[in-house]
Amino acid sequence: MLDAQGPLDYPSLQSSLFFETPAEIYARVFRVLKPRTPPPPLQVEFCRFANADSFMRLEEGRLHIRISDLLEGAPAPVMEALAFILLGKLYRKPVPRIYAHRYRLYLNRRDFRRQAHLVRQVRGRKFISDPQGKTHNLDELFERLNRQYFDGLLGRPRMGWSRKPARSMLGHFDPSHNAIIISRIFDEPHVPLLALEYVMFHEMLHLRYPVDHAGARRRVHTREFREAEKTFPRWKEAKELLKKL
Ligand SMILES: [Zn+2]
């Protein structure tokens, strides 16, 4: 098929647009742009950016795609357009203008702009970093521990890394913002994962055991809380690791 767009006119993609995960969309668009190269393993993540920015990078043969969660509910054709834009940029491939146009149209929709505005407001108020650090992803860690120790029953709050690698506060649960913040000190490859897991487990117990307001005293770490904490495997070892941070 050849039309006004000549060689840039890719085969019609509409039929495959539905029921694809974002990762599948990226793999398919990759095959369109680079038909002779098998798509690398790729990972698509929706991140809590304050705006609609999206990023892609190739690292050790893996494609990491980070998309604003503002676009999480975007229709598949919009997701496809963004895949063309990002992959085209990364691999310096010409991309039909229709994709840039389609994507811009979506960003300019009134409902989208309104939502983006609200998100900027809310996220601007309390800084909560992206759960994806340079080494660990807090959302993934939360879900793994949730399955391991809480039968997957805890609802995931917002997760973020502290601005600075603080030693004074290794982690905290902020009920007003429903957020768990973990010290950036743990986002280093040389820091044992067990230490991070233990701190996360502790913060997760705060979701499980609410603050005890009985009497005049406000008890954050109740007796049950302390008992539950000891059920963490390698509890002592983990505590020792924290002392040596
Ligand atoms: Zn605590």
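The values are calculated or read from the model by the stated rules, or taken from the named source; none is laboratory data. Please read all numbers here as calculations on a predicted model, not as lab measurements. Backbone-built Cβ (ideal geometry, glycine too); neighbour counts: all protein chains shown.
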**OP:** Tell me which residues, restricted to the stretch 150-178, are among the aliphatic types (A, V, I, L, M) and within 14 Å of the ligand (Cβ to nearest atom).
**Re:** 169, 170
Original post:
Just checking, how many residues over the stretch 172-193 are surrounded by 17 or more Cβ atoms within 10 Å (Cβ to Cβ), at pLDDT 95 or above, not β-branched (Val, Ile, Thr) and not in a loop (DSSP other than H, G, I, E, B)?
Top reply: 2
Subject >> Among (1) away from the ligand (no atom under 15 Å from the Cβ); (2) under 28 Å from residue 119 (Cβ atoms) - the single one residue 207 does not satisfy >> reply: (1)
Original post:
Within the bounds of the stretch 142-156, is there any residue that is free of Cβ contacts under 8 Å to residues at least 40 places away in the same chain and touching a Pro at 6+ places or on another chain (Cβ under 8 Å)?
Top reply: no
Original post:
Failed condition for residue 152, given (1) in contact with a helix residue (DSSP H, G or I) (Cβ under 9 Å, 6 or more places away or on another chain); (2) over 30 Å from residue 119 (Cβ atoms); (3) surrounded by fewer than 17 Cβ atoms within 10 Å (Cβ to Cβ), with all others met?
Top reply: (2)
**OP:** Take residue 74 and decide whether it is of a type outside the set (Lys, Arg), buried (at least 17 other Cβ atoms within 10 Å of the Cβ) and in contact with a Lys or Arg (Cβ under 6 Å, 6 or more places away or on another chain).
**Re:** no
